[in-house]
Amino acid sequence: MTSCARRVALIAAAVLLTAPSGVADATAGAGAGAYTVRTLHFDVLVGPGGVQRCDIVGDLYTPADAGPGHRVPSILTTNGFGGSKDDQAGIARYFAAHDYAVLSYSGLGFGGSGCKITLDDPDWDGQAASQLVSFLGGADGIAYADAAHAQPVAGADYVVRDPVDHAGRTDAADPRVGMIGGSYGGEVQFAAASVDPRIDTLVPLITWNDLSYSLAPNNTDLRTGVTSATPGVTKLTWPLLFFTEGAVLDSATGFTSDPSRVIGCPNFTTDICADLAASGTLGYPTPDTLALTRHASVSAYVNRIRVPVLLAQGENDTLFNLNEAAATYRALRAQGTPVKMIWQSWGHSGATPAPGELDLAGPDPAAQYEAARVTSWFNQYLRGGQPDAYPGFAYFRDWIDYTGIATPAYGSAPAYPVGTGMKFFLSGSGDLVTDPSGVRAGAQSFLTPPAGFPTSSSGIDAFSPNLPPDENLPGTYASWTGRPLAAPLEVVGEPQLEVKVQAPTTAVSSTLGPAGQLVLFAKLYDVAPDGTESLVHNLIAPVRLSDPAKSARITLPAVVHQFPAGHAIRVMLASGDLNYRAGLVAAPVTVSTGDTGQVLTLPTTGR
C-alpha cells in the first residue's frame with residue numbers, strides 16, 4: 001500500500017493491529033488458539049432495490065475448534081479509505097486466536113473488491129455488509145472460493161445464533177456479530193447497522209458524524225451536532241488526497257478485477273466526481289453535494305442505530321475532529337442507545353499511538369489501554385461476559401508521565417461533557433480578561449483577501465501537518481491574548497467563541513449567496529513565556545457567516561490540552577488558511593469590544 005493510502009486507511013482504523021495478510025486455506029498455530037484463514041469471494045447485490053452485483057473479497061479467520069458443536073461469536077471488519085482486508089489482519093488474528101470467527105473484507109472499490117466507491121452509503125456499503133452478516137449466520141449462496149463465483153462455499157455453521165434480532169424479528173441466519181474498524185471502516189458500521197438489526201455491537205474509530213462537516217465545515221450556525229444550516233468552507237488537501245487515492249491508485253490496482261471501475265468518474269460514482277469538483281471550485285458545497293454527503297452520514301439516520309456503540313476519536317485529527325464523535329455520542333445517548341466514548345491520542349493527523357495505548361504490531365489487553373477497552377466491550381456484548389466496567393468517557397492527557405500501559409494518562413468521567421465553562425472576555429485592542437468589570441473598549445481591523453487566497457499556514461493537513469510552520473500574514477487577522485496563567489489550566493471539550501464583526505461590504509454581497517458571504521477562521525493558541533505561539537493540535541474552526549450583522553457563536557474543535565503555568569491563552573480570527581478555500585470577496589473586517597457579550601468559553605476540569 002502507498003504511504004498516502006496507509007495514512008488514510010487508518011491509519012487504518014487502527015490498522016488496529018496490522019499483521020501479515022490472510023493466505024487462502026492457511027493454518028495458524030496448533031492446539032488452543034489455533035485458527036485457519038481462507039480467502040473467499042462474496043456475491044452481493046447493492047444499491048436501492050439491489051440494482052448492482054458486486055464481488056467482495058475477504059479473509060475468513062476460523063478458530064480450529066469451532067463447529068456446530070462449539071459455536072463462537074463473530075466479528076466483521078473492513079478497511080479505511082485506500083486500504084484492503086489485509087489492514088485488519090492483526091485484529092483478526094488476535095480475536096481468532098481467542099475463539100472469535102473474524103471476517104475481514106475489502107470494501108467496495110478497494111483492495112480487490114469490485115464496484116465503485118460510494119462513501120459508505122447505507123444503500124450500497126451498508127447493504128454489502130449486511131449480506132456478509134448473512135453468510136456468518138449460515139446462509140448459503142453468498143460465498144465462493146473463486147472470483148467467478150463458480151465454486152460455492154457453505155455459510156458459516158459454527159457462529160453463535162441469536163433467537164431474535166434487535167428489531168424483535170426471527171431470522172434463521174442471525175449470527176452473534178460485532179463490527180470494528182476505523183475511518184472509512186468506522187462509518188460503514190453505522191451504515192450496516194442502520195439496515196441490519198442483526199448486528200449486535202459497533203466499535204467505530206476516528207470516523208465522521210456528518211461528512212458535509214468533515215469536508216466543508218461551518219463551525220457556526222449549527223442546527224444540530226456538527227451540521228450547520230449554512231454551507232461550510234471547502235477543505236482542499238484532504239479531498240485531494242482522497243480523490244488521488246481512490247480515482248488514480250485504487251482504480252489502477254482494481255482494473256483487472258473490475259474494469260468498469262475506471263469508466264466515467266474513475267472508481268467513484270459520477271455524482272461524487274461532479275460534487276467534489278463543484279465544491280472545490282466554488283469554495284462551498286452545493287445542495288447536491290450536501291445531499292450526497294449527508295445521506296452517507298450517521299447524522300442522517302442515527303435514530304436507526306440501537307445497538308451498543310464504543311466510539312473512539314483522535315485528539316490529533318484535522319479530518320474527523322473530536323466534535324464529530326461528540327455529536328454522535330450525544331445523539332445516541334439522547335435516544336437511549338448504550339454508548340461510551342474514548343478520545344485517544346492518535347488520529348489522521350498523528351497516526352502513531354502513544355506508548356501503551358495501542359501496539360500496531362499486535363494487541364495485548366494487559367499492556368495496551370485501547371486493546372483492553374475493545375476486548376472488554378466485545379466480551380460483554382458478544383460473549384455475554386461481565387459488564388464493561390470502564391468509564392462512559394475517557395480522554396488521553398499528553399502531559400501525564402507514565403510507564404507501561406497508558407491507563408494513567410487517561411482522565412475519565414461518567415459521561416461527556418465534563419468540567420465547567422471558564423470565560424475569557426474580549427477586551428480592548430487585543431486582551432482576554434476573566435473579570436467582566438475589566439472589559440475595555442477597543443477595536444481591531446483586518447482585510448480578507450480576494451479569491452480565497454491563503455493568508456495563514458498551519459501545515460498541509462493531509463500530507464505534512466507540521467510543514468510549513470504556523471504563520472499568519474500581518475493585517476489579515478485579529479487576536480486577543482490573556483495574561484500568563486498562575487497555575488496550569490486543563491481544557492477538555494469544545495471551546496465556544498461568541499463574537500460580533502462589522503463587515504459592511506459583505507452585508508451586501510452575502511445576499512447573493514455563499515459566494516459573497518464572509519469567511520473567517522477561529523483558532524486557539526498556547527503562548528509560551530518567550531512569546532512562541534502554538535496552534536493547539538493544529539485545529540481550526542472555519543466559519544461562513546450568512547448574516548455578518550448578527551453575533552456569531554463559533555464552536556471550535558474540541559481539544560484535550562493543558563496550558564502550563566506561565567503560558568497564556570490566545571484566540572484568533574484569521575481571514576484565510578492554506579487548507580481551505582477561503583472567502584471569494586475581499587472585505588474589510590472590524591471587531592469592536594467593550595461589552596461582555598464577546599467571550600471565549602473554555603471547558604475546564606478544575607485540574
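Just so you know, all these numbers are worked out from the coordinates, no wet-lab data involved. Note that this is a predicted model, so its numbers are computed, not measured. Glycine gets a Cβ as well: all are built from the backbone with ideal geometry, and neighbour counts include every protein chain shown.
In degrees between 0 and 90, to the nearest 10, how far off the longest principal axis of the chain does helix 184-195 point, with axes built from Cα atoms?
Between the helix axis and the principal axis of the chain, the angle is about 70 degrees.
Which number do you get for Rg(Cα) / (2.2 N^0.38 Å) in the chain? Working shown, then result.
Values: Rg = 24.6 Å, N = 607, 2.2 N^0.38 = 25.1 Å.
Compared with the compact-globule rule of thumb, the chain sits at 0.98.
Please work out the ratio of the alpha-carbon Rg of the range 198-353 to 2.2 N^0.38 Å and round it to two decimals.
Working: Rg = 16.6 Å, N = 156, 2.2 N^0.38 = 15.0 Å.
Cα-based Rg divided by the globular estimate yields 1.11.
Considering only the other residues whose Cβ falls under 11 Å of the Cβ of PRO197, what net charge follows from Lys and Arg at +1 and Asp and Glu at -1? Each step should come with its number before you reach the end.
Working: positive: ARG169, ARG198, ARG304, ARG306; negative: ASP162, ASP165, ASP171, ASP174, ASP196, ASP200.
Cβ neighbours under 11 Å give a net charge of -2.
Contact order normalised by length for the range 420-604, with contacts defined as Cα pairs under 8 Å and 6 or more residues apart; what percent is it?
On the way: 521 pairs, mean separation 73.8, N = 185.
Dividing the mean separation by the residue count of the range 420-604 yields 40 percent.
Determine the relative contact order of the range 41-137: mean sequence separation of Cα pairs under 8 Å and six or more apart, normalised by residue count, in whole percent. Working shown, then result.
Values: 171 pairs, mean separation 31.2, N = 97.
This gives 32 percent for the range 41-137.
For a footprinting-style exposure proxy, rank THR293, THR407, THR434 by other Cβ within 10 Å, fewest first. Don't skip to the end; give the middle numbers.
Working: THR293 24, THR407 16, THR434 11.
Taking fewest neighbouring Cβ atoms as first place, the list is THR434, THR407, THR293.
Net charge near MET572, counting Lys/Arg +1 and Asp/Glu -1 over other residues with Cβ under 14 Å of its Cβ? Each step should come with its number before you reach the end.
Numbers: positive: LYS523, ARG570; negative: ASP431, ASP470, GLU471, ASP526, GLU533, ASP577.
For residues surrounding MET572, the net value is -4.
Along the charge dipole of the range 3-413, which of PRO408, SER130, VAL203 sits closest to the positive end, that is, farthest toward it, with unit charges on the beta carbon of Lys, Arg, Asp and Glu (+1, +1, -1, -1)?
PRO408
Which lysines, on any chain, are close to LYS116 with Cα under 21 Å apart, when same-chain ones fewer than 8 places away are left out?
LYS85
Could you let me know the centre-to-centre spacing of the range 385-404 and the range 109-173, using Cα atoms, in angstrom?
A separation of 34 Å, based on Cα centres.
Among DSSP bridges having both ends in the chain, what percentage is antiparallel? Round to the nearest 5.
Values: 88 of 117 bridges.
Expressed as a percentage, antiparallel bridges in the chain total about 75.
Using the number of other C-beta atoms within 10 angstrom as an exposure proxy, rank CYS273, CYS115, CYS54 with the fewest first.
On the way: CYS273 16, CYS115 25, CYS54 21.
In order of increasing Cβ crowding within 10 Å: CYS273, CYS54, CYS115.
Note down the nm distance, to one decimal, between modelled labels 7 Å out along Cα→Cβ at THR403 and at SER592.
6.1 nm
Given contacts defined as C-alpha pairs under 8 Å and at least six residues apart, what's the relative contact order of the chain, whole-number percent? Spell out each step's value before the answer.
Details: 1698 pairs, mean separation 79.3, N = 607.
13 percent.
What number comes out for the charge environment of PRO73, summing +1 per Lys or Arg and -1 per Asp or Glu over other residues with Cβ under 12 Å away? Please report the intermediate quantities before stating the final value.
Details: positive: ARG71, ARG161, ARG176, ARG383; negative: ASP99, ASP162, ASP200.
Once all neighbours under 12 Å are counted, the net charge is +1.
If you average over every viewing direction, what projected area does the convex hull of the Cα atoms of the range 467-607 give, in nm²? Walk me through the numbers before you get to the answer.
Values: hull surface 35.4 nm².
Averaging across all directions leaves 8.9 nm² for the Cα convex hull.
What is the distance in Å between the Cα centroid of the range 584-601 and that of the range 292-364?
Cα centres, the range 584-601 to the range 292-364: 33 Å.
Tell me the label-point distance for the pair ALA277, ALA486, using the 7 Å Cα-to-Cβ offset, in nm and rounded to one decimal.
Using points 7 Å along Cα→Cβ, the separation is 6.2 nm.
Angle between the Cα long axis of helix 127-136 and the longest principal axis of the chain, 0 to 90 degrees, nearest 10?
For 127-136 against the chain, the angle is about 40 degrees.
What is the dipole size for the chain, taken about its Cα centre, with +1 at each Lys and Arg Cβ and -1 at each Asp and Glu Cβ, in debye to the nearest 20? Before the final figure, lay out each step's value.
On the way: 35 positive and 54 negative charges, 232 e Å.
So the magnitude is around 1120 debye.
Work from the charge dipole of the range 3-413 (Cβ charges, +1 for Lys and Arg, -1 for Asp and Glu, about the Cα centre) and give the residue of PRO391, ALA173, SER74 farthest towards its positive end.
Of the candidates, PRO391 comes out farthest on the positive side.
Could you work out how far apart the two model spin labels at SER260 and ASN303 are, taking each label as a point 7 Å from the Cα in the direction of the beta carbon, and quote it in nm?
3.4 nm
May I ask you to derive the FRET efficiency for GLN151 and THR244 from their Cβ-Cβ distance with R0 = 56 Å, giving the value to the nearest 0.05? Display every interim value, and only then the final one.
Numbers: r = 36 Å, r/R0 = 0.65.
Efficiency at R0 = 56 Å is approximately 0.95.
Can you figure out the FRET efficiency of ALA334 with HIS166, using R₀ = 22 Å and their beta-carbon distance, to the nearest 0.05? List each step's numbers first, then the result.
Numbers: r = 18 Å, r/R0 = 0.83.
Efficiency at R0 = 22 Å is approximately 0.75.
So, R0 is 30 Å and r is the distance between the beta-carbons of THR511 and SER445; what FRET efficiency does that work out to, to 0.05? Before the final figure, lay out each step's value.
Values: r = 23 Å, r/R0 = 0.77.
Efficiency at R0 = 30 Å is approximately 0.85.
Name the trypsin sites (Lys or Arg not before Pro) in the range 163-223 that are in a loop by DSSP and that have at most 12 other C-beta atoms within 10 Å, would you? Spell out each step's value before the answer.
Numbers: sites: ARG169, ARG176, ARG198, ARG223; in loops: ARG169, ARG176, ARG198.
Counting only loop positions with at most 12 other Cβ atoms within 10 Å, the trypsin sites (Lys or Arg not before Pro) in the range 163-223 are ARG169.
Enter the Cα centre distance for the pair the range 202-222 and the range 440-459, rounded to the nearest angstrom.
25 Å
Report, in degrees rounded to the nearest 10, the 0 to 90 angle that the Cα long axis of helix 322-334 makes with the longest principal axis of the chain.
Its long axis makes an angle of about 70 degrees.
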